[in-house]
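The values are calculated or read from the model by the stated rules, or taken from the named source; none is laboratory data. Bear in mind that the values here come from a model prediction, so they are computed numbers and not experimental data. When we count neighbours, we look across all protein chains shown, and the Cβ atoms used for this are built from the backbone with ideal geometry, even at glycine.
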Amino acid sequence: MRPEPGEVLHFSEDPTITRFIPHVAGSAQQPEAYIWAVDAARAPDYWFPRDCPRAMAWALPTTTATDRERILGPGGGRRVHAIEYGWIEPIPNVQLFAYRLPASPFTPFGEPTPHAVVATEPVEPLGPPEPAGNLLQLHDDAGIQLRVLDNLWEFWDAVTASSLGWSAIRLRNGRPRSDTASSRTGLA
């Protein structure tokens with residue numbers, strides 16, 4: 001489930017949206033009102049229930065062989081998404097929808113590398129929302145490892161100290177940081 005050229009996607013569990021209006025999200029770190037969407041590269045970040053905490057890492061051209069092996073693992077994988085055990089059941093049971101939106105009103109958002117696109121004017125979907133389908137199958141088809149951990153923090157600490165690209169969403173919904181996760185940054 002990725003956008004076609006000239007489109008961006010907005011993922012939602014609500015299949016009744018007919019018009020997107022800019023708003024300040026409850027978790028926003030900026031005061032501006034936006035409509036949030038993603039391009040093809042960042043669409044996999046949203047193949048989860050909305051409130052699912054997840055940490056993601058992927059290889060960059062500058063990623064070291066050591067970081068690739070230590071965090072992504074053997075076998076040449078390029079991307080891994082990590083969740084906590086409590087989210088195993090919701091993932092295959094959530095009804096997630098993708099809204100295709102015209103890319104033209106959206107601009108990249110995030111520094112130093114954009115992680116989303118935003119619009120500041122109302123936007124109407126290009127058609128009805130599409131069911132995203134089986135979220136586990138989307139990961140499998142895209143060759144993305146899906147790891148299930150008891151706590152995301154040790155993984156997150158290792159990823160953010162590495163040469164990999166990384167992102168996290170809704171970490172505040174995960175288990176609290178444990179004493180061991182706050183004192184270690186390795187995964188071995």
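Screening A65 on (1) small (G, A, S); (2) farther than 23 Å from Y99 by Cβ; (3) touching a residue at least 60 places away in the same chain (Cβ under 8 Å) shows it passes everything except condition (3). Answer yes if at least one residue in the stretch 71-87 is surrounded by fewer than 19 Cβ atoms within 10 Å (Cβ to Cβ), out of contact with any Leu (no Cβ under 9 Å at 6 or more places or on another chain), assigned to a helix (DSSP H, G or I) and of a type in the set (S, T, Y), and no otherwise. For the stretch 71-87, residues surrounded by fewer than 19 Cβ atoms within 10 Å (Cβ to Cβ), out of contact with any Leu (no Cβ under 9 Å at 6 or more places or on another chain), assigned to a helix (DSSP H, G or I) and of a type in the set (S, T, Y): absent. Has the stretch 81-97 got at least one residue that is in contact with a Ser or Thr (Cβ under 6 Å, 6 or more places away or on another chain), of a type in the set (A, V, I, L, M, F, W, C), within 16 Å of V38 (Cβ to Cβ) and touching a residue at least 40 places away in the same chain (Cβ under 8 Å)? Within the stretch 81-97 (the criterion being in contact with a Ser or Thr (Cβ under 6 Å, 6 or more places away or on another chain), of a type in the set (A, V, I, L, M, F, W, C), within 16 Å of V38 (Cβ to Cβ) and touching a residue at least 40 places away in the same chain (Cβ under 8 Å)), the answer is yes, since at least one residue qualifies.
Taking interchain pairs and intrachain pairs at least six residues apart, which have beta carbon atoms under 9 angstrom, with the first residue in the stretch 1-27 and touching a residue at least 12 places away in the same chain (Cβ under 8 Å) and the second part of a strand (DSSP E or B) and basic (K, R)? Within 9 Å, the pairs are P3/R100; E4/R100; E7/R100; V8/R100; L9/R100; H10/R100.
Selection of the stretch 129-148 for residues being surrounded by fewer than 17 Cβ atoms within 10 Å (Cβ to Cβ) and in contact (Cβ under 8 Å) with a residue 24 or more places away in the chain yields E130, P131, G133, N134, L136, A142, G143, Q145, R147, V148. Using the structure shown, decide if P105 is under 23 Å from S27 (Cα atoms), at pLDDT 90 or above and assigned to a loop (DSSP other than H, G, I, E, B). So P105 fits the description; yes.
Evaluation of W156 against the conditions (1) outside any loop (DSSP other than H, G, I, E, B); (2) within 15 Å of W166 (Cα to Cα); (3) without any contact (Cβ under 8 Å) to a residue 40 or more places away in the chain shows that the sole unmet condition is (3).
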